[in-house]
Structure formats: structure tokens, C-alpha cells
Amino acid sequence: QVQLAESGGGLAQAGGSLRLSCVASGRTFNVMGWFRQAPGKERTFVAAIKWGGTIYYEDSVKGRFTISRDNTKKTVYLQMNSLKPEDTAVYYCAAGDRHPVRDSDYWGQGTQVTVSS
């Protein structure tokens, strides 16, 4: 059974940092990444990384967030620095064989990130 398990969410102050992790079980994926959904808004792309290391970022997180992966551990990370209140959202890990990951691919349950001003 394929599962994605996120961890690392929580509360941070503006300017602070958090690190999210997501472990995949059941299979490996070419693309692993992160999406987020703020209250009352649609889910949006944050960052993704391919097996070979190609990386994609949404413009608002460039220079602040860093995505990485450890293929041996089937794990993707999202290091979030210089956090802003507008980064507050539920963050979802997603994985698939193509970028961008589709709704029909694999998704985690989500982890809450709250940034206070």
C-alpha cells in the first residue's frame, strides 16, 4: 500500500523556520513535492523535486524555501526559512511520476503550518 506521511509542521513566528518531511512507503516516485492550502483558498503548488534533482519552486517561496530529497530513504524535505504569515496553510506532500503532480497521484494527509506576526 502506498502512503505518504508528513511531519514537521507547527507554529513559527514571522522570520522563523520550519522543516517539513515526507516519507513514502510502498514505492518510489520520480517526482515528490509540496502543495499548500490556506484557509478559504484552493490548494496551490509550492515546490517539487525530481529523482535526478531537477527542482521547481513557486515564485513566492524562491529564496526562502529549499526542497531536497533522500532517495535511499524515499523522503522529501522542505526547509522553510524567513517565514511569513501568508505562508500559513496546510502543507501536503505529493508524489507521482510526472511534474506537476496531479490530483489522481499520491497525497499525504497534510500538516498544519502556522506563522504568527
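Relative to the present Cα-Cα distance, how much length would full extension add between Tyr56 and Lys41 at 0.36 nm per residue of separation?
Full extension of this stretch gives 3.2 nm more.
For Lys84, a cut-off of 16 angstrom between C-alpha atoms picks up these aspartates and glutamates, skipping any fewer than 8 places away in its own chain: Glu58, Asp59. Relative to its residue count, region 18-74 spans a Cα convex hull of 105 Å³ per residue. Highest GNM mean-square fluctuation, the chain, Cα pairs closer than 10 Å: which of Gly53, Gly40, Gly16? Largest GNM mean-square fluctuation: Gly40.
For Lys73, a cut-off of 15 angstrom between C-alpha atoms picks up these aspartates and glutamates, skipping any fewer than 8 places away in its own chain: Glu6. Take each peptide in 21-32, 94-105, count the other Cβ atoms within 10 Å of every residue, and average; sorted highest first, the result is 21-32, 94-105.
Rounded to the nearest whole angstrom, the semi-axes of the ellipsoid equivalent to region 41-86, taken from the Cα gyration tensor as √(5λ), stand at 21, 12, 10, largest first.
For the chain, the relative contact order comes to 37 percent (Cα pairs under 8 Å, sequence separation of at least 6).
Placing unit charges on each Cβ (+1 for Lys and Arg, -1 for Asp and Glu) gives the chain a dipole about its Cα centre, and among Gly10, Phe65, Tyr77 the Cα reaching farthest toward its positive end belongs to Tyr77. When +1 charges are put on Lys and Arg Cβ atoms and -1 charges on Asp and Glu Cβ atoms, the dipole computed for the chain relative to its Cα centre reaches about 220 debye. Beyond 25 Å, the tail of the calculated P(r) for the chain holds 14 percent of the Cα pairs. Approximating the spin labels as points 7 Å out from Cα along Cα→Cβ, the Ser117-to-Arg98 distance works out to 4.1 nm.
For region 56-116, what is the relative contact order in percent, using Cα pairs closer than 8 Å and at least 6 residues apart in sequence?
Over region 56-116, the number comes to 28 percent.
Among beta bridges identified by DSSP and lying wholly in the chain, the antiparallel ones come to about 90 percent.
Quick note: the coordinates plus some simple rules give every number you see, no bench work behind them. Here the structure is a predicted model, which is why all the values come from computation and not from measurement. Heads up, the Cβs are rebuilt from the backbone with ideal geometry, glycines too, and the neighbour counts pull from every protein chain shown.
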